1. Does residue 28 satisfy the criteria of being in contact (Cβ under 8 Å) with a residue 12 or more places away in the chain and over 20 Å from residue 196 (Cβ atoms)?
2. For the list (1) under 14 Å from residue 13 (Cβ atoms); (2) touching a residue at least 24 places away in the same chain (Cβ under 8 Å), I need the number of the one condition that residue 179 fails.
3. If you take the residues of the stretch 101-122 that are in contact with a Lys or Arg (Cβ under 9 Å, 6 or more places away or on another chain) and not in a helix (DSSP H, G or I), which of them is nearest to residue 134 (Cα to Cα)?
4. With the requirement that a residue be without any contact (Cβ under 8 Å) to a residue 60 or more places away in the chain, in a helix (DSSP H, G or I) and exposed (fewer than 12 other Cβ atoms within 10 Å of the Cβ), what does the stretch 156-176 give you?
5. Can you name the number of the only condition in (1) among the β-branched types (Val, Ile, Thr); (2) closer than 29 Å to residue 19 by Cβ; (3) under 18 Å from the mean Cα position of the chain (by Cα); (4) not in a helix (DSSP H, G or I) that residue 200 fails?
6. Looking at the stretch 111-128, I want the residues that are at negative phi and have a partner that is assigned to a helix (DSSP H, G or I) and of a type in the set (S, T, N, Q) with Cβ atoms under 8 Å, at least 6 apart or on another chain. Which pairs are those?
7. Select from the stretch 107-130 the residues that are buried (at least 18 other Cβ atoms within 10 Å of the Cβ) and within 17 Å of the chain's Cα centre (by Cα) and list them in ascending order.
8. Considering only the stretch 43-78, state which residues are surrounded by fewer than 17 Cβ atoms within 10 Å (Cβ to Cβ), of a type in the set (Gly, Ala, Ser) and closer than 28 Å to residue 6 by Cβ.
Amino acid sequence: MKKNILCAFDLEMIANPDMVDCLPEVKPSGTLKDPVKIQADIEKKQAKQYADMGLNPHTNLICCASFQDVYTGEKQSFMLDEAEEGVLLCDIWEHLEPFQLFTSFNGMSFDIECLKFHSMVAGVKMSKIISQEKYRQGNHVDLRMVLSRNNDYAKGNQGYFCKLLFGEEKEIQGSEIQGLWDAGKFDKIKKHCEDDVEQVCKLYKKLEGYYI
């Protein structure tokens with residue numbers, strides 16, 4: 001059986017608390033006059049601003065990273081603990097080093113960008129250059145780009161395609177990760193990340209011979 005050829009990967013992200021002070025100041029709606037409503041509007045916008053931090057490679061942290069060898073089924077996950085994210089990044093790049101090819105869902109614009117930017121900030125050397133070229137697969141097959149024919153605005157996330165092709169419903173949505181992290185439910189985050197990677201493998205094999 002082939003080994004260390006094709007690696008499926010997925011990252012789960014949370015807000016980086018060290019970046020909160022870098023966020024722009026929130027201003028209330030100019031139509032509000034009541035101090036109570038003004039404060040409520042500010043707090044609502046601040047909550048939205050904090051929630052969106054996990055979606056931005058410049059303001060998020062990797063809290064979990066999962067990998068699966070597409071051909072052998074071997075899995076490996078890394079969780080952010082009390083150590084700095086740099087330690088997690090070192091573990092990630094060490095694990096990826098033997099692989100030749102990579103596959104993800106939306107990894108081209110998000111997961112790889114997070115890995116690159118965070119590694120640069122932490123001064124962690126990358127063991128691989130994983131392609132982000134939009135019209136050329138190179139060593140990285142982004143299944144979202146394949147299914148959307150490289151249309152960044154096409155509808156259809158991973159959950160949609162897994163329900164369409166396999167009848168599978170996602171138990172947890174990505175938007176719930178921050179809440180799970182804050183509640184200390186790390187095992188649920190890890191399971192969600194590993195389930196996502198397993199779905200990436202299934203999608204890749206389903207598309208093989210047709211789109212790939």
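1. Taking the combined requirement at face value, the residue satisfies it.
2. Failing condition for residue 179: (2).
3. 106
4. Listed by number, the list holds a single entry, 164.
5. Residue 200 satisfies every listed condition except (4).
6. 125/119; 126/119
7. 107, 108, 110, 111, 112, 114, 115, 118, 119, 130
8. If the condition is that a residue be surrounded by fewer than 17 Cβ atoms within 10 Å (Cβ to Cβ), of a type in the set (Gly, Ala, Ser) and closer than 28 Å to residue 6 by Cβ, then 73 is the only one that fits.
The values are calculated or read from the model by the stated rules, or taken from the named source; none is laboratory data. What you are looking at is a predicted structure, and each value in this text was computed from that prediction instead of being measured. Every residue, glycine as well, gets a Cβ built from its backbone with ideal geometry; the counts of neighbours run over all protein chains shown.
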